[in-house]
Amino acid sequence: METDHNYVLIALQMMGSLSLLIYGMRVMSEALQKMAGPGLRHILAKMTTNRFTGILTGMLVTCAVQSSSATTVMTVSFVSAGLLTLLQAISVIMGANIGTTLTAWIMSLGYSLDLTDVVYPCFLLGIIFIYIKRHHIFGDFLFGIAFLFLSLVMLSNAGKAMDLEHNHDAISFFASFDTSSYLTILIFLGIGTLITCIVQSSAAVMAITILLCSTGVLPIYLGIALVMGENIGTTATANLAALGANLQARRAALAHLLFNVFGVTWVLIVFYPFVDMVCGLVGYNPAAGGQASRLPVVLAMFHTCFNLTNTIVLVGPIKQMERVVCWLLPEKQETKEDTFRLQYIQSGLVQTPEIAVLQAQKETAAFAERVGKMFGMVCQLFIENSDKQFAELFKKIEQEEEATDKTELEIAQYLEHVSDDHLSGETKHKIRQMMREIGELESIGDACYKLAQIIERKHETDKKFTQHQTEQLHAMMALCTQSLTQMNVVMHGHRKDHSIQDTYRMENNINKMRKKLKEENAVSVDEQEYSYSLGTLYVDIVNELEKLGDYIVNVVQARFS
């Protein structure tokens, strides 16, 4: 009974250690991403000029953040935000798979070396840096490392306490599996995949595998089958995150799955020779058995050889891989519901405030493009004579106005969600800027709709503007179009590359023209060149165009603030 009680305590210690391992990895990864900030984004965006630099980038970033899942989800986010192409993303994902092998080596060394001497200094330095506000993120990073190493020490101690190498039941259980049977290998591969999908941490499954192998009860062939399953299971994180994302993001996540499934497939074909070759590299003989202390190194070496070889095999036909992914996830005809879907913001993909703000900036720029196109519809409505075409165009502008309302709301909700995180002063300022920008962009959408309503009233009365009125309105609309174009140039670029004076000059021209046209209209109505009601419609359009010009200036001012 006492022995059973001991096993329960040891099992709880193991589960607690694994929980600490997952938490430590998460804290360390998030701290590194926050420390890198914009630099991490620029590394991924700029160091992917070709497939080889993409692989190198994915490898280096994963080695830094110690999580291939973090790198992959980040990459999917950048694809969603339009920063990376699918081809670039595939190369980064290949590199991420190589980079994650460092985690396996750290764990294997954790079972071979006493890491206790490293743990406590990390905790001490970590708490000191946490209380120094400027360096609190570095303190979080040190705490993450300390938790990671402490969990490995605890797992190692739990493994020794279980004394599985002298437990006849455990030895008999694993010995009952025929390691020379492919069915057994497939069963353990499936178990590895399932557990990784459930716990959402390949590191935890690797730790369990190393623990079982280091005690000598789990044969190396079965341990490697678990590691292969972990390689497939780890793709679940990115695929789950990409479910609500756009097509390109889902394709990037699928590419990660296909890459690992292909690797597992060819390794299964040459399983026993390949494993024996890896064992030979570290001087271990699977047939002879024994030397359980070398098995963690064998697992780490297999993980490295597997991912390296898989990358070397697939780096050549990477374009063919892209075609396969595009074939499996083809573009669908856009439906009416898809019209209101945001292009870049995917709430399930938020990893760090830096990525979230980047996506929101891209979405805000797309919003600016949308209202620009909406004003183009208004200009077209003004000259439309066909009743049928007029009605269809007006209905489309009405739908666009609803879309602008929804776009503003969704971006605002997303930014509010991001604001819940710990943000730097610069990031908070960017969020305030965008909150103001989307409010003004929605006002431009409202102005466009009001213009369309005024033009519809004129169309229903069957009244016609004079040639002079028509020419003046066309001229004022041209000024507004020019101002909107300049606004979009500013929204898509860096403010240092532009001057706000251009927008002020255009807005000044719009104001002067409004004043001039209103004065001309008063004289023309007095002289009965046209009716008072037609003059009212004319001035309403002029006033609304001037308001639209003001909203444009407000957007640009927010950008330059």
| message | Run the paramagnetic zone check for Phe560: 7 angstrom along Cα to Cβ, then residues of region 503-544 with backbone nitrogen under 11 Å. | response | 503-507
| message | Suppose the Debye formula is applied to equal point scatterers at every Cα of region 398-536; what is log10 I(q)/I(0) at q = 0.18 Å⁻¹? | response | -1.16
| So, by mean Cβ neighbours within 10 angstrom, what's the order for 550-560, 258-268, 95-105 with the highest one leading? | 95-105, 550-560, 258-268
| Hey, which of these cross-link pairs are over 32 Å Cα-Cα: Lys395/Lys428; Lys430/Lys458; Lys430/Lys547; Lys430/Lys516; Lys362/Lys518; Lys319/Lys362? | Lys395/Lys428; Lys430/Lys458; Lys430/Lys516; Lys362/Lys518
| task | Find the accessible area per residue for region 361-429; the probe is 1.4 Å, ligands and nucleic acids are left out, and the unit is Å². | result | 52
| task | Enumerate the calculated ³J(HN,Hα) couplings along region 247-258 in order (Karplus 6.51 cos²θ - 1.76 cosθ + 1.60, θ = phi - 60°), each rounded to whole Hz, writing x wherever the residue is Gly or Pro. | result | 4, 4, 5, 5, 5, 5, 5, 5, 4, 4, 5, 4
| request: Note the full-extension length gain between Lys133 and Arg457 as 0.36 nm times their separation in residues minus their Cα-Cα distance, in nm to one decimal. | output: 110.6 nm
| request: Figure the gain on full extension for Val270 and Thr179 (residue separation times 0.36 nm, minus the Cα-Cα span) and round it to one decimal in nm. | output: 31.3 nm
| remark: At R0 = 45 Å the Cβ-Cβ FRET efficiency linking Leu281 and Leu247, nearest 0.05, sits at 0.60
| request: Kindly state, to the nearest 0.05, the FRET efficiency for Lys406 paired with Tyr120, given R0 = 56 Å and r defined as their beta-carbon distance. | output: 0.55
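The values are calculated or read from the model by the stated rules, or taken from the named source; none is laboratory data. Computed from a predicted structure; not experimentally measured. Here the Cβ is made from the backbone with ideal geometry for all residues, glycine too, and neighbour counts use every protein chain on show. Each accessible area value is taken on the protein alone, full model and side chains, heavy atoms only, with ligands, DNA and RNA left out. Shrake-Rupley method; radii C 1.70, N 1.55, O 1.52, S 1.80 Å.
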